[in-house]
Structures are given as C-alpha cells and as structure tokens.
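Below: the structure, in structure tokens.
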Amino acid sequence: MAVPHEMHLRQNAEVVEIRLFRSGDGPAVADVIERCLRELNSRDYPEEIIERMCAHFSAERIVQLADERQMFVAERAGIAGTVSRDGNKVFTMFVHPRAIGQGVGRRLMRHIEALAAAEGYDYMETGASVTGHGFYQRLGYVDVRTSETEFGVNYILRKPLR
C-alpha cells in the first residue's frame, strides 16, 4: 500500500506535510512535546510526572531517538506534530496543542500505518498515556493490556492493518 504524495490535509488553506525528521528538528520537536505535555497531559498527570516527561524528551534525546527509529514530523508553518516507528510499533506521538482536532495526529498515524502495511505487517501496536488513549481508540486501536511505566499506567493497543 503506497502512500500517495498528494495525501495532504488542508486546514485553514495550509498544507500539512509529513516528512522524515531532520537533524536540526530536535529543538522544535522537543518544544511540541513539552507544550503537549504541559497543556494537555497535565490534566491527567501530576506536575512531578509532567516534569520528568519533559526532561526525558529533551532536544538531545529526540535526536537520539531519531537515530534509533524512523521519526516523522508534520509540518505546517512550523512543526505541528511528530511520531516515530520501529517496524509496526508506534512511539513518541505528539501534536502541538494549537493543532489538536485538525487531523494532524490522524495524518501522522495513517502515514506510518501505510508504511508498516507496505512492509507486510498485519497490525500496528502502541503504548498510550491516559491522555492519548481515546485518540488511538478513535483511530480503530483496541486495548490489549496495560502496563506500568515510570510515568504511570500505559495502555497497550493494537490495530489490524489488513
């Protein structure tokens, strides 16, 4: 299943482009993650956990993760979101709070799902925070189990690709 180049989302006459992470993207991606954590996840997690999450996703750590996995950014007048993958596993999915509800996260997920399907994977799997759990469910992911992490409960979800 190829990902057509013309698959762009139009919102407010702006095109969202999904592209591979570039080495200079670390600070902007870290900023998106921090804003998401502080403005959205803080509704579901205590301040101490948010601070640890923000420290974990420093610009340097983002660059390191991009070396370990295939990382993408959604760009629209700057970086509006990010996601990474390793095969059929989803990691580090965040959307800037000002872009929530505009299809950026859905677009990022469709992109990596199409790549995984083209590589022959039957399903995608992700871990989700309390905050992100409903987003994945709306995309067709179903709960498989929960696990505990240093940041609290983690929902493990799967979505069939075929």
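The values are calculated or read from the model by the stated rules, or taken from the named source; none is laboratory data. The model shown is predicted, which means the values in this text are computed figures rather than measured ones. We place every Cβ from the backbone using ideal geometry, glycine too, and count neighbours over all the protein chains shown.
Quick check on region 145-154. Is at least one of its residues modelled with pLDDT under 95 and closer than 19 Å to residue 82 by Cβ?
Yes: region 145-154 contains one or more residues that are modelled with pLDDT under 95 and closer than 19 Å to residue 82 by Cβ.
Could you list, in sequence order, all residues of region 60-78 that are within 16 Å of residue 95 (Cα to Cα) and among the aliphatic types (A, V, I, L, M)?
Initially, region 60-78 is screened for residues within 16 Å of residue 95 (Cα to Cα), giving 62, 71-78.
Once the filter is applied, which keeps residues that are within 16 Å of residue 95 (Cα to Cα) and among the aliphatic types (A, V, I, L, M), region 60-78 yields 62, 71, 73, 74, 77.
Test residue 124 against the stated conditions and say whether it is modelled with pLDDT of 95 or more, aliphatic (A, V, I, L, M), part of a strand (DSSP E or B) and under 22 Å from residue 55 (Cα atoms).
no
So which residues in region 18-39 are within 22 Å of residue 130 (Cβ to Cβ) and surrounded by fewer than 19 Cβ atoms within 10 Å (Cβ to Cβ), if there are any at all?
The answer is 34, 35, 38, 39.
Do the conditions hold for residue 53, that is, is it touching a residue at least 60 places away in the same chain (Cβ under 8 Å), in a helix (DSSP H, G or I), closer than 26 Å to residue 144 by Cβ and not basic (Lys, Arg)?
Details: touching a residue at least 60 places away in the same chain (Cβ under 8 Å): yes; in a helix (DSSP H, G or I): yes; closer than 26 Å to residue 144 by Cβ: yes; not basic (Lys, Arg): yes.
Considered against the rule, which asks whether it is touching a residue at least 60 places away in the same chain (Cβ under 8 Å), in a helix (DSSP H, G or I), closer than 26 Å to residue 144 by Cβ and not basic (Lys, Arg), residue 53 comes out as yes.
Tell me, yes or no, whether region 133-148 has at least one residue that is of a type outside the set (Val, Ile, Thr), touching a Gly at 6+ places or on another chain (Cβ under 8 Å), surrounded by fewer than 17 Cβ atoms within 10 Å (Cβ to Cβ) and at negative phi. Outline the logic, then answer.
Within region 133-148, the subset of a type outside the set (Val, Ile, Thr) is 133-141, 143, 145, 147-148.
From what is left, the residues that are touching a Gly at 6+ places or on another chain (Cβ under 8 Å) are 135, 147.
Narrowing further to those that are surrounded by fewer than 17 Cβ atoms within 10 Å (Cβ to Cβ): 147.
Cutting the leftovers down to at negative phi gives us 147.
Checked region 133-148: at least one residue is of a type outside the set (Val, Ile, Thr), touching a Gly at 6+ places or on another chain (Cβ under 8 Å), surrounded by fewer than 17 Cβ atoms within 10 Å (Cβ to Cβ) and at negative phi.
Return the residue satisfying two criteria in turn: it lies in region 85-98 and is surrounded by 16 or more Cβ atoms within 10 Å (Cβ to Cβ) and in contact (Cβ under 8 Å) with a residue 60 or more places away in the chain, and of such residues it is farthest from the chain's Cα centre (by Cα). So that I can check it myself, show each step before the final result.
Step one: filter region 85-98 for residues surrounded by 16 or more Cβ atoms within 10 Å (Cβ to Cβ), giving 85, 88, 90-96.
With the extra rule that they be in contact (Cβ under 8 Å) with a residue 60 or more places away in the chain, the set shrinks to 88, 94-96.
Values: 88: 13, 94: 4, 95: 7, 96: 10 Å.
Going through the qualifying residues, I end up with 88.
Filter region 5-26 for residues that are modelled with pLDDT of 50 or more and either assigned to a loop (DSSP other than H, G, I, E, B) or aromatic (Phe, Trp, Tyr) (or both); which is farthest from residue 71 (Cα to Cα)?
22
Starting from residues that are part of a helix (DSSP H, G or I) and touching a residue at least 24 places away in the same chain (Cβ under 8 Å), keep the ones in region 62-74 and report whichever is surrounded by the most Cβ atoms within 10 Å (Cβ to Cβ). Outline the logic, then answer.
As a first pass, look at region 62-74 and keep what is part of a helix (DSSP H, G or I): 62-68.
Checking the rest, the ones that are also touching a residue at least 24 places away in the same chain (Cβ under 8 Å) come to 62-63, 65-66.
Numbers: 62: 24, 63: 18, 65: 19, 66: 22.
It comes out as 62.
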